[in-house]
């Protein structure tokens with residue numbers, strides 16, 4: 001208990017140091033979103049903020065494996081899934097309640113991008129809750145092995161179909177020549193976004209593979225517990241440096 005109390009303040013400082021720069025990288029936010037520049041800044045902010053949480057998860061997991069006195073961090077980092085999950089649920093889309101006038105049901109009907117954000121919110125919340133239960137030794141054998149890879153694979157595959165037709169993109173679609181995709185013009189900006197999300201998925205599959213090997217103890221070496229969290233930190237960095 002004394003060890004945990006000793007590390008509370010350094011831990012809070014570490015999280016603050018990791019998350020605070022997202023505000024700087026995102027540029028000032030303007031709500032409601034009315035211009036392409038504001039739409040782009042808000043989207044980048046969401047990606048950067050999520051990235052800092054994932055980077056923090058990677059760092060905390062590594063620390064929890066480096067020394068026995070830091071093992072309690074295994075009960076802390078799952079909450080860094082829950083926090084961005086809550087943020088995405090309520091703050092990811094300016095036109096959806098509680099920030100906008102669209103209900104969540106309407107968002108699923110008319111706004112595919114917002115609908116996917118809510119799905120990712122649910123995935124993050126589920127991952128956080130399940131991993132916290134794992135840290136407490138409360139997950140059954142099947143859930144302990146399969147819950148993370150199943151949820152994470154679903155999220156990684158969903159990125160291949162991620163709709164990203166914000167204000168900035170929609171305005172460019174009618175003014176720039178490009179490729180066609182699902183009946184829409186693929187602008188240079190959309191292609192760039194698609195490429196970035198592709199790499200998010202690829203690194204995500206690395207996280208899934210190495211965590212599965214680690215959780216199932218299939219690779220009887222000391223390396224796998226570090227490989228998945230290193231991939232998680234890399235995914236966080238990719239999100240932090242995401243631009244549109």
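Summary table below
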| item | result |
| --- | --- |
| Residue among 47, 65 that is closer than 22 Å to residue 192 by Cα and assigned to a helix (DSSP H, G or I) | 47 |
| Sole exception among (1) at pLDDT below 90; (2) under 21 Å from the mean Cα position of the chain (by Cα); (3) within 22 Å of residue 211 (Cβ to Cβ) for residue 67, by number | (2) |
| Whichever residue in segment 223-244 is more than 16 Å from the chain's Cα centre (by Cα) and assigned to a helix (DSSP H, G or I) and, among such residues, is nearest to residue 36 (Cα to Cα) | 227 |
| Residue count for segment 136-160, restricted to those that are more than 18 Å from residue 54 (Cα to Cα) and either in contact (Cβ under 8 Å) with a residue 60 or more places away in the chain or in contact with a strand residue (DSSP E or B) (Cβ under 7 Å, 6 or more places away or on another chain) (or both) | 3 |
| Which listed residue, of 205, 148, is at pLDDT 90 or above and closer than 17 Å to residue 131 by Cβ | 148 |
| Qualifying positions in segment 87-110 - surrounded by 13 or more Cβ atoms within 10 Å (Cβ to Cβ) and assigned to a loop (DSSP other than H, G, I, E, B) | 92, 93, 94, 95, 97, 99, 100 |
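Conditions (1) modelled with pLDDT of 90 or more; (2) closer than 18 Å to residue 229 by Cα; (3) over 11 Å from the mean Cα position of the chain (by Cα), marked per residue:
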{"residue": "41", "(1), (2), (3)": "no, no, yes"}
{"residue": "50", "(1), (2), (3)": "yes, yes, no"}
{"residue": "53", "(1), (2), (3)": "yes, yes, no"}
{"residue": "57", "(1), (2), (3)": "yes, yes, no"}
{"residue": "61", "(1), (2), (3)": "yes, yes, yes"}
{"residue": "71", "(1), (2), (3)": "no, yes, yes"}
{"residue": "76", "(1), (2), (3)": "no, yes, yes"}
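The values are calculated or read from the model by the stated rules, or taken from the named source; none is laboratory data. Please read these numbers as outputs of a predicted model, since none were measured by experiment. Glycine gets a Cβ as well: all are built from the backbone with ideal geometry, and neighbour counts include every protein chain shown.
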